[in-house]
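Here the structure comes first, spelled out in structure tokens, and everything after it is commentary.
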Amino acid sequence: MSSRPSILAVAYGGGHIAMMLSVLRALRTRLPHLDIALLALTTAARVAREAGEHPLGYADLLHLLSSEEQARALTLGRALLEGNSHPDIPAAESVAYLGINAWDLQQQLGADAAQALLQTRGRQVFHPLHFFRRIVAHLRPVLVLATNSPRSEFAAIDAASEAGIPTLAMLDLFALPGDAFAARNRYPSRVCVLSDAVRNNLIRAGWPPERIAVTGNPAFDALSAPQIRAAGLEMRKQLGAPHRRLVLLALQPEPATHPASPGREGDPHLPERVLQACIDSVRAHPDWTLIVRPHPSQLAPALPDDSQLRLSPSSEPLHPLLHAVDAVITGTSTVALEAHLADKRVLQLLDSIAAPAMPYVALGVADAACHLSDLPQALAALLALPAKTPTTRVSAHAAADQVSEQALALLASRNRPVPSALGLNP
């Protein structure tokens, strides 16, 4: 281990690793010799490596368990692997991730209770606190960074807080009533949020105001960069616009349960039904093209051989694609907000049990919302609207810079009481 102060950064995939990578770049600009250990979880590892990072995974930290514990964890992981694998994630990493989390759950609840909970709720119940206590003791970070993801990210915040280490979490969206992150009663030293409205939502949920900083979302910083817009316009030409109307479908898995819909069970086949409904709607218009982008945690769907259909893998940069299309269809994905910030029309589908938690029309993010049964008419009406006027936004690194300033303030205070969020008077 280096004798220099180090930071532990923990992030899952999708928008969470995008936030984290932007902030790590900003921190290194200010402190080029800063030691950063990045634990990039599940699909985040590939994204981190492509960005030039050298991330750790669960398999790299398996040695923190004893030989007997390792054997037990790997047995549990192999038993859970079926249905929980992903082509972007090596099998050894999936087995280590699943197994260590299941082992940790057994330490908390006992073997029988842990198994019963896993059978009913799956990976949602993971909170590997014992394991992250060992990670924190091993790496000895002076600051822990995470986002609002549950499971490993939440456990990292908890373990660091127990050890008296300052923590910073980034919240990607709105913290609306019912949001699991807003409902937490164990707080990081600092939480960085999208806007004043989000700050107010957290305060109403009981969060201490002095811990909340309004910074924006670093994952959105590059959306308005001139080179991103230019790449989007070039892609738009290549895809046949303006003669063809380009529609992006941002798919996402359906949760088994959701606090926004108590007593309801999610339909595991909803993503397939959404995809088919969008294909049918587009095929009714020969001059439309549907671009299908699966969530990073999903396998890419097999699309029919059809010139009106195009797959956008999660490895393809999202932001130029948003500037290329005319409209975006999604359920509760963060892509809706990114599309709104890129001045694109957004149609929200309401069939998910998670939809009540993210009322995008009321939030001013979506232009319209509908159920699948009304999709053909709603999409046609949306595409009949004029294009939005491009908005002038702030510089391309604003949020990442602000989050890094909050992190540096916590670093500077590590031997003193944690300061209030910069720019706030508690």
Task: In the stretch 241-290, residue nearest to residue 333 (Cα to Cα) [restricted to those that are touching a Ser or Thr at 6+ places or on another chain (Cβ under 6 Å) and of a type in the set (A, V, I, L, M)] - done: 250
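Any idea which of 122, 57 is modelled with pLDDT under 95 and assigned by TED's automatic domain parsing to the domain that holds residue 164? Before the answer, list the steps.
Values: 57 fails: modelled with pLDDT under 95.
Answer to the selection: 122.
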- [ ] For residue 213, work out the one condition from (1) surrounded by fewer than 17 Cβ atoms within 10 Å (Cβ to Cβ); (2) touching a Leu at 6+ places or on another chain (Cβ under 7 Å) it doesn't fulfil.
- [x] (1)
Task: Long-range neighbours under 6 Å by Cβ, at least six apart or interchain, first residue assigned by TED's automatic domain parsing to the domain that holds residue 402 and over 11 Å from residue 216 (Cα atoms) within the stretch 182-197, second of a type in the set (Ser, Thr, Tyr) and at pLDDT 90 or above - done: 188/167; 189/167
Task: Of all residues making up the stretch 278-294, the number that are assigned to a loop (DSSP other than H, G, I, E, B) and closer than 13 Å to residue 248 by Cβ - done: 1
Task: For residue 31: the one exception among (1) over 13 Å from residue 131 (Cβ atoms); (2) within 23 Å of the chain's Cα centre (by Cα); (3) surrounded by fewer than 24 Cβ atoms within 10 Å (Cβ to Cβ) - done: (2)
TODO: Evaluate the stretch 304-314: report whether one residue or more is under 17 Å from the mean Cα position of the chain (by Cα) and at pLDDT below 95.
DONE: yes
Task: Residue under evaluation residue 64, criteria (1) modelled with pLDDT under 95; (2) over 16 Å from residue 105 (Cβ atoms), criterion not met - done: (1)
Task: Members of the stretch 330-352 found to be in a loop (DSSP other than H, G, I, E, B), acidic (Asp, Glu) and under 16 Å from residue 318 (Cβ atoms), listed by number - done: 343
Task: Of the criteria (1) over 22 Å from the mean Cα position of the chain (by Cα); (2) in a helix (DSSP H, G or I); (3) on the phi > 0 side of the Ramachandran plot, which one residue 122 fails - done: (1)
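Can you pull out the residues in the stretch 345-373 that are among the polar types (S, T, N, Q) and either touching a residue at least 60 places away in the same chain (Cβ under 8 Å) or not assigned by TED's automatic domain parsing to the domain that holds residue 249 (or both)? Spell out how you get there, then give the answer.
Applying the first criterion (among the polar types (S, T, N, Q)) to the stretch 345-373 yields 348, 352, 373.
Listed by number, the list holds a single entry, 352.
Mind checking whether some residue in the stretch 355-368 is on the phi > 0 side of the Ramachandran plot and surrounded by fewer than 16 Cβ atoms within 10 Å (Cβ to Cβ)? Don't jump to the end; show me each part of the working.
First pass over the stretch 355-368, keeping only residues on the phi > 0 side of the Ramachandran plot: 364.
Still in the list and also surrounded by fewer than 16 Cβ atoms within 10 Å (Cβ to Cβ): 364.
So far as the stretch 355-368 goes, yes, one or more of its residues are on the phi > 0 side of the Ramachandran plot and surrounded by fewer than 16 Cβ atoms within 10 Å (Cβ to Cβ).
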Task: the stretch 102-133, residues that are buried (at least 18 other Cβ atoms within 10 Å of the Cβ) and of a type in the set (Lys, Arg) - done: 133
Task: Given (1) surrounded by 21 or more Cβ atoms within 10 Å (Cβ to Cβ); (2) within 22 Å of the chain's Cα centre (by Cα); (3) part of a helix (DSSP H, G or I), index of the condition residue 99 fails - done: (2)
TODO: Return a yes/no flag: does the stretch 178-188 have any residue that is in contact with a Leu (Cβ under 9 Å, 6 or more places away or on another chain), farther than 22 Å from residue 101 by Cβ and not hydroxyl-bearing (Ser, Thr, Tyr).
DONE: yes
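The values are calculated or read from the model by the stated rules, or taken from the named source; none is laboratory data. Keep in mind that this is a model prediction, so the values were computed, not measured. Backbone-built Cβ (ideal geometry, glycine too); neighbour counts: all protein chains shown.
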